[in-house]
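Just so you know, all these numbers are worked out from the coordinates, no wet-lab data involved. As the structure is a prediction and not an experimental result, all values here were calculated from the model. Virtual Cβ from ideal backbone geometry, glycine too; neighbours counted across all protein chains shown.
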Amino acid sequence: IAAKKSATTQVVQAKDYTLSDEDIRDEEATSSFDEGFMTDVDEFDRIVDNALEDIEVVEEKEDEAVKEVAQPIVKLVNGVLINSIKARASDVHIEPYENSLRVRQRVDGVMYTVMNLPVKIKAAVTSRLKIMANLDIAERRLPQDGRIKLKLGKKKEIDFRVSTVPCLFGERTVLRLLDKSNLQVDLTRLGFEEEPLRDFMSALDKPYGMILVTGPTGCGKTTTLYSALNYLNKIGVNISTAEDPVEYNFLGINQVQVKEDIGLTFAAALRSFLRQDPDIIMVGEIRDFETAEIAVKAALTGHLVLSTLHTNDAPGTISRLLNMGIEPFLVAASVILIASQRLTRKVCTECKEEEKVPVPALVSLGFSEEEAMAMKCYKGKGCPACNGSGYKGRIALYEVMPLKDELKELILEGASADELKKTAIRLGMKTLRTSGLTKI
């Protein structure tokens, strides 16, 4: 593929953008990106091959946005979106640098470079994405957020959450893929082991109290909460959620998009929910004392409250709430269960082979000598099914800590997170490490 400017030619490696029959199954093989553009997805290879050849690069003025996007750019951007779906990517990063426009995808939690495009087309590519996401193409100094809805046939819809941020060499665009058809909202299929699943569902069946799901960004907390809400979503209950952003919409659940710039914060939404006769409340994240305080009071006044926190493990969540300023007796009385989770890559089953790992190396990672000697390790050598990475898909690891009476007494006594963890393990809690050893 070449981009032409006078006698200068910049060469970019072509990529495969076609979708196989398996990718689209029995759906019609058409993709619509806006009302004015429809094409067969199997023609994307040819379209993208020709797209950059037709681009006439124009000198870009820094203070001027590209208001009209040429058809080749439209085809190129559509190809990038289709390719990200085919690759099972969770995110697409379009990053302008001094001499190139880099396109990367995050697949199973790991970033891969897809292509490097001519830097001269960065404004046109960004403008096309902004047009699709209904953003202001003339505003290049401030971050913007939007959404693109893509249709595959008549049945399948995929949303892209779009975020633009001005950087040194132009606007960086990140797209998060939200494919509802791939959203797993069945609690029994998330990866819980039998006993932790029983504890989690038992907590959901209680009429009031607070359930917290914790872990770093991108570990699947929202999916776990959506699965819990799907389990609780019955005709006889009133469910309200405050989210930033609303990633998926569900019939029968009242979902509120947080907008902090106009004062609609998590705390404000939560406060208003309490006047809406709720049975179940979900708060996307507890970020500050005000939100935590209202959530605790809601849990103590007959409501089931679900939320998330960014902590490393379940016992550490108690310390986080106390550090926010919540009194120990309120934490002990309101919180009924904490689940910490991680997502880890799975070795590709198509190309995995046994790998000999020295016992001392395993011991240095925290395994006992007996565990290391008995352990069989596998490595994916790379194949077409996993795009040569050796990994395909991810699996969830869970650490579920129900707050039993003994743990509540320790909280009231001001016990440390380490003391809480030791007691929870003695009472039967399986740690993230134990969950990993069981599943991987």
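Lysines within cross-link reach of Lys404: Cα-Cα under 17 Å, excluding same-chain residues under 8 positions apart? Counting by Cα, and skipping residues close in sequence, Lys404 has these lysines nearby: Lys206, Lys421, Lys422, Lys430.
By the rule of a C-alpha distance below 16 Å, with chain neighbours fewer than 8 residues away ignored, the lysines paired with Lys381 are Lys346, Lys352, Lys356, Lys392.
As an equivalent ellipsoid, the stretch 392-440 spans semi-axes of 27, 9, 9 angstrom, where each value is the square root of five times an eigenvalue of the C-alpha gyration tensor, largest first.
So how much slack lies between Glu355 and Lys379, counting 0.36 nm per residue of separation and subtracting their Cα-Cα distance, in nm?
On the way: separation 24, 0.36 × 24 = 8.64 nm, distance 0.59 nm.
Contour length minus the Cα-Cα distance gives 8.1 nm.
Look at where the Cα atoms of the stretch 194-236 and of the stretch 334-348 average out, and the two centres are 11 Å apart.
What's the long-distance tail for the stretch 220-370, i.e. % of Cα pairs beyond 20 Å? Walk me through the numbers on the way to the answer.
On the way: 6541 of 11325 pairs.
The calculated P(r) of the stretch 220-370 puts 58 percent of pairs beyond 20 Å.
Relative to the current alpha-carbon distance between Ser202 and Arg189, full extension at 0.36 nm per residue lengthens the span by 3.0 nm. Once every Cα of the stretch 292-440 carries one equal point scatterer and solvent is ignored, give the base-10 log of I(q)/I(0) from the Debye formula at q = 0.14, 0.17, 0.20 Å⁻¹, two decimals. Listed by q, the Debye log ratios stand at -0.79, -0.97, -1.17. Pull out the extension gain between Asn387 and Leu251, defined as 0.36 nm times the separation in residues minus the alpha carbon to alpha carbon distance; nm, one decimal. That works out to 45.3 nm of additional length. Amide H contacts of Met115: Val103, each under 5 Å away and 5 or more positions distant or on a separate chain (H built 1.01 Å from N in the peptide plane; Pro and chain starts excluded).
Model label points for Tyr231 and Asn99, set 7 angstrom from Cα along the Cα-to-Cβ axis, are 5.4 nm apart.
Quick check on the stretch 101-245: what does the Kirkwood estimate of hydrodynamic radius come out to from the alpha carbon pairs, in Å?
So the Kirkwood estimate lands at 18.5 Å.
Which links in Lys155/Lys221; Lys180/Lys259; Lys180/Lys376 stretch past 31 Å when you go from one Cα to the other? In this structure, Lys180/Lys376 lie more than 31 Å apart at Cα.
Provide the three semi-axes, in whole Å and in decreasing order, of the ellipsoid equivalent to the stretch 65-115 as defined by the square roots of 5 times the Cα gyration tensor eigenvalues. Write out the running numbers ahead of the final one.
Working: eigenvalues 94, 43, 12 Å².
The answer is 22, 15, 8 Å, longest axis first.
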